[in-house]
Amino acid sequence: MFTPKYPPQDTAPPATATAPTVHTPAPVQPAPVPVAPASNRPTVQLTPGSALALAAGGGAVVLVVGAVLVSMLLAVAITGVSVAVAAVVLRSMVKDFNNHR
């Protein structure tokens, strides 16, 4: 039951050794490199002033997005604290109501 079952021996005839054939490849011609057509669109050139304005604009965007995210986090925290305070007050009122019955 626990003895291994081996597959039968391969019955193919043994391979005969053949002499290797010599293959000489034909010379390869390099493919012509395609040339991109000249674009008639104007190119954007950044001057030091425009690069500085671009960096300042990017920094302003980062600051605005950060302020919005922090304010949303603060709003969630304030809401959580107010719900917790309301739960404590309601629990106290229910306990007080049940004790006076």
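Considering (1) surrounded by 10 or more Cβ atoms within 10 Å (Cβ to Cβ); (2) part of a helix (DSSP H, G or I), the lone condition that residue 46 does not fulfil carries the number (2). Is it the case that residue 39 is among the small types (Gly, Ala, Ser), modelled with pLDDT under 95 and in a helix (DSSP H, G or I)? Judged against the criteria, residue 39 is not a match. Only a single item in (1) modelled with pLDDT under 90; (2) among the hydroxyl-bearing types (Ser, Thr, Tyr); (3) under 30 Å from the mean Cα position of the chain (by Cα) is not met by residue 71, and it is number (1).
The values are calculated or read from the model by the stated rules, or taken from the named source; none is laboratory data. Only a predicted model underlies this, so the values are computations on that prediction, with no experimental measurement involved. All Cβ positions, even for glycine, are placed from backbone atoms using ideal geometry, and neighbour counts span all protein chains on display.
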